Each structure stands twice: as structure tokens, then as C-alpha cells.
Amino acid sequence: MSTKQTPSAGARKDADAVIDQAKRLHLAETLVDVSRTVAALDSLDEVLTSLVSMTTAVLRAERATLFLNDPTTNELYSRSMTDHGPREIRMLSDRGIAGKVFTTGTGMIVNDAYAHPDFNPEIDETTGYGTRQVLCAPIRTGRGELIGAAQVLNRLDGEFGDDDLQLLEAMTTQAALALTSGQRDERSRVQAAREMEFVDLVADITSEIDLDALLLRVMAEATAMLDAERSTLFLHDARGSELFARVAEGDHGVDEIRFPESAGIAGTVFTTGETINIPHAYADLRFNPAFDAQTGFFTRSILCVPLVNKAGDTIGATQALNKRGGPFTAEDEQRLRAFTAQVAIALENAKLFDDVQRVKNYNDAVLESMTNGVVTIDHEGEIVTCNTAGGEILGQAEDEIVGRSVHDLFDKNPGILALVDDVMATNESGALMDVDLHPGTEGDETVSVNVTGVPLRIETRDEGIILLLENISNEKRVRSTMARYMDPELADRLVRGGEDILGGASAVVTLLFTDIRGFTTLTEQLGPQATVSMLNEYFTLMVDCIQREGGMLDKFIGDAIMAAFGLPQPGTDDEDRAVRTAIAMIRSLQEWNSTRVADGKPPIDMGIGVNTDVVVAGNIGSPKRMDFTMIGDGVNLAARLESACKQYKARILISDLTYRKLKGVYRTREVDRVVVKGKTEPVAIHEVLDYHTDATFPHLMDVVNDFRDGIGSYRRGAWDAAIASFQRCLDAHPDDALSAIYVDRCEQLRADPPEHWDGIWVMTSK
């Protein structure tokens with residue numbers, strides 16, 4: 001019978017020492033093997049692949065993964081080789097068991113993965129792999145810096161223990177130098193590749209001159225560069241104080257978005273020049289969710305940087321939305337700023353080209369929409385361009401005209417050729433009126449045209465001439481002819497509607513009469529030729545005043561002018577336009593008189609009467625001679641008011657009917673209540689004083705107020721009080737002739753008081 005021998009304590013100690021020595025030897029050999037292996041490798045991918053293979057084999061596991069930290073995104077990433085090349089997996093650095101180990105710096109042994117709270121089963125569910133055990137150790141550099149985590153899954157025999165964790169930590173620490181070196185080399189290579197790619201990209205982009213294409217290209221490249229869902233580049237339009245962007249609309253081309261330069265995130269970036277990086281859009285008060293609600297897009301993160309040109313001026317903003325994998329980083333900010341800075345010059349050039357093209361298209365559209373023909377001719381006499389109207393007038397297609405010699409085109413029109421030669425020689429404009437143009441095609445009827453030749457200058461260079469061809473055949477000839485003898489608007493109405501519209505109609509019209517004071521004496525001083533010259537200058541000034549306010553010149557009556565406001569079409573401010581015209585007439589006359597006196601010529605004085613009333617307007621006369629004019633009591637009263645200017649020493653008198661309808665504010669005073677010649681009912685008349693300055697009528701409003709008091713006393717028959725008020729007017733302005741008239745009138749009435757006084761004055765003259 002044998003007896004089992006129990007090892008002594010010493011023997012056990014010796015055995016443990018042998019085992020411990022063997023473990024240390026195995027660890028040393030393993031670490032040396034790790035060190036030799038990784039030292040011979042060149043790339044980070046090779047180091048990662050080798051370490052995964054070694055840890056799997058040494059720890060007798062099914063698989064292993066090494067996660068490295070990306071500080072720019074706060075993510076852990078791992079790489080594995082597939083048939084299609086390296087595949088990268090990323091996760092937030094605080095997620096899962098690997099994230100827990102990395103953030104705490106403490107290794108973990110998990111022999112029941114699904115029971116552990118930090119285990120994430122989603123990967124198993126996705127891949128079909130069954131994780132039972134997890135051994136995870138932090139990866140530290142020799143200085144103790146955490147750079148990642150190593151994870152080993154499913155031991156082939158038994159469970160992971162402390163020795164396994166110790167071994168894994170030792171292996172990763174040994175390889176940390178190679179890992180950090182590989183990361184640095186990889187970042188350097190990636191950065192260098194990015195820079196080369198960036199240079200090539202910028203060079204390619206900046207060669208684009210079409211603004212729409214450039215904007216779309218820049219937005220596409222910015223989106224790809226930042227791994228965002230979409231990007232938009234906004235440019236500033238100084239003319240409208242707006243930011244605008246061009247957006248592709250599928251098959252519909254490019255659409256334009258515009259908004260005020262200070263609106264939204266892009267507007268804030270543009271106006272401040274500061275970058276905005278919003279990781280959570282809906283948590284930021286500056287974000288406007290209205291666009292999301294309108295389009296169905298959901299904005300998570302926003303990066304917007306100013307677009308600055310070489311001169312340092314902000315010309316727009318670039319905005320990227322929704323970076324995949326998390327918010328935009330500081331590196332993203334730098335890359336986008338650098339990108340936009342490089343393309344800024346190209347964008348400015350493209351925008352300039354776009355503006356030029358818009359102007360060209362606008363000019364082309366203007367030329368093509370013109371009813372007048374426009375023909376450009378170079379110094380050699382060759383036709384350079386011809387618009388559609390020009391081709392129609394010349395009776396030829398545009399492509400048949402362009403490129404021809406002007407002498408060939410107008411060989412049957414010596415007058416036009418002479419005009420072309422004269423403008424070319426003198427470099428001064430010239431014109432031919434009512435020319436019979438003979439088209440180049442035989443049998444075509446002549447076309448009546450007005451021809452104007454204008455020198456064509458581009459900057460300071462003479463580039464030829466422009467011929468303007470106005471077709472005045474048929475209705476245009478009628479309109480041009482009639483406009484010389486009547487108001488142009490009236491002529492247009494007659495041409496459009498025929499004579500029936502001028503048969504006669506009642507209308508409320510504001511009439512204006514003018515007359516030169518002392519005209520007979522003036523003609524005796526000037527003589528016939530000087531009188532005609534003076535009248536032409538005078539009428540030119542007065543007619544300009546009428547037409548600026550939209551009045552209709554009715555006729556000249558000797559030295560008098562009759563005009564109307566409210567014909568052919570009534571307006572809402574006919575009375576105001578008539579009064580403004582009268583004021584402008586007096587001011588123009590004053591300026592003209594200054595020139596006349598300086599030239600040694602006598603000054604001209606005039607009076608103006610304005611009245612609003614119902615008149616009959618129509619074509620009046622005989623079948624051989626017709627005249628469009630106005631008749632009625634309203635016309636007569638306007639003429640009486642103009643005549644009354646002489647009696648009251650006034651320049652502008654208006655009726656009470658006109659005064660009550662004025663909408664503007666004018667400096668006026670009620671002159672009198674009179675019964676004009678031929679009438680029995682009194683009318684109030686007012687003087688307009690707005691043409692005066694402080695020099696020509698000092699203390700004007702004081703005089704107006706005192707004059708009102710004087711008129712009140714005068715109508716009550718309080719002669720002394722009236723004289724006192726009028727005398728105060730003269731004290732303030734001794735040249736106030738109207739106040740002097742009333743002083744004399746009141747003294748006469750005081751000396752010989754009337755039996756029945758009603759304050760109404762009867763005019764005995766026209």
C-alpha cells in the first residue's frame with residue numbers, strides 16, 4: 001500500500017518561484033517581441049494590425065481591438081483591415097467599456113459582458129457576434145499620458161484574470177511609443193495631403209469665372225471638406241444692403257435667396273466679422289427655426305465664418321450645417337476660414353464679372369426693347385451692331401446688316417452718309433429730321449425717320465458713332481407734327497383716340513394766366529428782333545415750369561400764357577401743381593432778370609392769376625382751322641385775377657375756390673373781396689407770397705398777421721384801427737405796396753364814409 005506524499009512548504013515555495021520566474025520570463029520575451037515587431041513597422045495601420053494580432057495570440061482570445069483617442073473630436077477610433085482596405089470605427093470617448101477604461105485610466109475584467117452596465121450590445125446585434133468576456137486596459141505613454149484603450153474579447157479557455165490584465169497593460173505600454181509616433185506621422189501625412197489637396201482645390205476653383213457655377217462649387221467643396229450635410233455661401237450686395245446666395249433647384253436651375261445684411265446667423269457674422277460655431281442650434285437664441293419649419297430640414301449644428309477679401313473687407317459669409325458625427329470643431333473653423341480666404345479673390349472676380357454680365361444683358365435688353373433703331377459704326381465705317389428695331393426700319397435682317405460698310409448700307413441715302421461723315425470728322429453730335437429712308441431692298445417703301453448721330457466713347461477712347469433711327473411714319477409722323485403746335489400729351493390722346501375725344505366735355509380745371517407788365521413800352525424799347533428773342537427766352541422758361549408740374553399749355557396770346565391743370569386727365573393735386581408752377585415762374589423770372597440786368601437789358605415783370613372752376617374743353621373752330629381750348633366763366637375769372645395783379649401790386653393772385661382746395665402749406669394772405677367786371681357776386685382773392693426770400697420781403701409772417709388784422713378792421717368800417725394795422729405792416733416792410741394801397745383806401749373812406757359798407761370792392765377794369 002502506497003502512501004501519497006504531500007509537498008513541503010519549502011517545495012511549494014520553490015515551485016511558485018519557478019512559475020513566477022517563468023511568467024516574468026514570458027512577459028519579458030513578449031514585451032521584447034512587441035518592441036521588435038512594432039519598431040520595424042512604418043505606418044499606424046501596420047502597428048495597429050500587428051498589436052491586435054499579438055494580443056489576440058498571447059492572451060489566447062478570439063479577437064482584439066485597439067482604440068486611439070482623437071482629441072479634435074473627443075472620439076475613440078479603431079481600424080481594421082477588410083477586402084476593401086482599412087475600415088475605421090468611431091465612438092464617443094466616454095461610451096462603452098472602452099470609453100470607461102479610457103476616461104478612468106483603470107483596466108477592467110468583465111467575464112459576463114451582458115451583465116455589465118457599461119457593455120453596449122448594439123455591435124453584437126449588428127454583426128451577429130456573441131461577446132462573453134471583455135478584457136480592457138488603458139494605453140499609456142511612458143509619461144503616463146492616456147492615448148487610448150486596448151480591448152480583448154472571449155478567452156479561448158477559461159476566464160480573463162489579473163495576470164492577463166497585467167500582461168495587456170504591459171504590452172500596450174511597450175507599444176505606446178510606436179502608437180504615438182504612428183499617430184504623429186499619420187497626422188503629418190494627412191495634413192500634407194490635405195494641404196496639397198487644398199492647393200489643388202483652390203487653384204481649380206479660382207479658375208472658375210461664372211458666379212453661379214463658382215458659388216455652387218464652393219458650397220459643394222465646403223460641405224465635403226467639413227463632412228457636413230449642406231453649406232451656403234452668402235455674398236454682400238451693397239446696393240440693396242442685402243446678403244444673397246444662389247441655390248441649386250434641381251432641374252429648374254439656380255434660385256436666388258436674399259435677406260437684409262444684418263438678419264440671421266449669416267447677417268450677424270457679416271456685420272460683426274466674428275465666427276459663430278453653434279453645437280446645438282435650437283438651444284441658441286440667435287437661431288431662427290422658421291426656415292426649418294418651412295422646408296422640413298432639421299438644423300443641429302451651425303458653423304458660419306466671415307468671408308474677407310485681401311483688403312480686409314468683409315464681403316459675405318460662409319455657413320455649414322450639421323456636421324456628421326457631432327458638432328463642428330476648432331479645426332473645422334480654421335479650415336473653413338482658410339478655404340474662404342483663398343477663394344475670396346475668385347468670388348470677387350466672379351461677382352464683378354457677374355455684375356458686368358448683368359449690365360450687358362440689361363443693356364442688350366434695353367436695346368432690343370427700344371422702338372428706335374440703334375446702329376453702331378466703328379472708325380472704319382463698318383456696322384458693328386444693330387438692334388431689332390433697326391433691322392425692321394432698314395427692312396433687313398440683323399445678320400444682313402452687321403459687318404457691312406455704312407456706305408453700302410446707306411448708298412441710297414446721301415444725307416445720312418453725310419451725317420455719319422460729319423460726326424466722324426467733328427466728333428460732335430448731329431441730327432436729321434424727317435428723312436425719307438430708302439431701304440436696301442428694291443420695291444420697299446421709304447420710311448420717314450429722324451436720324452441722330454452721336455459719338456461713341458468708351459472711357460476716354462473714341463470708338464466710332466451711334467446712329468439712332470426714329471420711325472415717324474404714319475402715327476409717329478402725326479404725333480411729332482402735332483406736338484409742335486399743341487401740348488404733347490394732348491397730341492398723343494388725339495392720335496390714340498381720334499378727334500372724337502376732343503369734341504367737347506365739361507371738366508373741373510385749375511387755370512393759370514400770365515401776362516408781361518408794360519409789354520407795349522417794352523417792345524418800343526427793344527425793337528422787333530429783340531422783342532421776338534426776348535419772348536422766345538421768356539416762353540421757354542415759363543413752359544418748362546408748366547411741364548415740370550404736368551400742366552397743359554393751352555396757347556400763347558401775344559405775351560400772355562394760358563395753361564391748365566387737370567387736362568386731359570384730372571389729378572388729385574391740380575390746384576397745388578398750378579400754385580407751385582406760379583411760384584416757380586416768378587423765381588425763374590427773378591433769376592433771368594439778374595442775367596438781363598447784368599447784360600444791360602431791362603428787367604421783365606409779370607402777373608399770374610389762378611382759378612379753379614368748371615370749364616368746357618374741346619376742339620373749337622372751323623373745318624379749316626381748329627383749336628383745342630377752354631371756355632367758361634372760370635377762364636374769365638382767371639384772366640381777371642391776372643389783370644388784378646396790376647391793381648393790387650401783386651405777382652400771384654388765386655381765387656378762393658383754388659385756395660380752399662390746396663393741400664399744401666403756402667404763405668398767403670387774403671387780399672380782398674371783389675366784384676370783377678361783368679359779375680355781380682363777390683369773390684375772395686388771395687396773394688401767394690412763397691416766391692419771396694427774407695431779403696425781398698423781410699418780416700413776412702409779421703406783415704401777414706398784421707395785414708389780417710387790418711383787413712378785419714377794414715371790413716367792419718373801423719378805419720383808424722385798419723390804418724394802424726396797415727401802418728405796422730409798412731413799418732416792418734416799407735415796400736409792401738398792398739398795405740400802402742389799403743392805407744390810402746382807408747383814409748379816403750374815413751374822409752367820405754359810404755352809406756352802406758359791406759367790405760366788398762367793385763372792380764371797374766378788366
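Bear in mind that the values in this text are calculations on the coordinates, not laboratory data. The shown structure was predicted, so the numbers you read here are calculated from the model rather than taken from an experiment. Ideal geometry is used to build each Cβ from the backbone, glycine not excepted, and the neighbour counts take in all protein chains shown.
For Lys555, nonlocal amide neighbours, meaning residues 5 or more places apart or on other chains whose placed amide H falls under 5 Å from its own, are Met562.
Take the convex hull of the alpha carbons in the range 657-743; its mean projected area over all directions comes to 6.4 nm².
For the listed peptides 315-322, 269-276, a ranking on the average number of other beta carbons within 10 Å per residue, highest first, reads 315-322, 269-276. Across the range 385-396, rounded Karplus estimates of 3J(HN,Hα) from the backbone phi angles (6.51 cos²θ - 1.76 cosθ + 1.60, θ = phi - 60°) give 9, 7, 7, 4, 4, x, x, 5, 5, 7, x, 9 Hz, Gly and Pro being marked x. Rounded, prolate or oblate: which one fits the range 374-473, using the alpha carbon gyration tensor with axes a ≥ b ≥ c (rounded when a/c is under 1.5, else prolate when a/b beats b/c, else oblate)? Prolate, because a/c is 1.5 or more and a/b exceeds b/c. Report note on the peptides 737-744, 134-141, 148-155: ranked by the mean count of other C-beta atoms within 10 Å, highest first, their order is 148-155, 134-141, 737-744. Database remark: amide H of Arg132 closer than 5 angstrom to the amide H of Asn154 (H placed geometrically; neighbours at sequence offset of 5 or more, or on other chains; Pro and chain starts carry no H). In this structure the amide hydrogen of Arg667, modeled in the peptide plane, comes within under 5 Å of the amide hydrogens of Leu689, Asp690, none closer than 5 places in sequence on its chain. The range 697-741 has equivalent-ellipsoid semi-axes of 17, 10, 7 Å, by the square roots of 5 times the alpha carbon gyration tensor eigenvalues, sorted largest first. Couplings 3J(HN,Hα) of the range 96-102, computed from phi: x, 5, 4, x, 5, 5, 5 Hz, in residue order, whole Hz [Karplus 6.51 cos²θ - 1.76 cosθ + 1.60, θ = phi - 60°; x for Gly and Pro].
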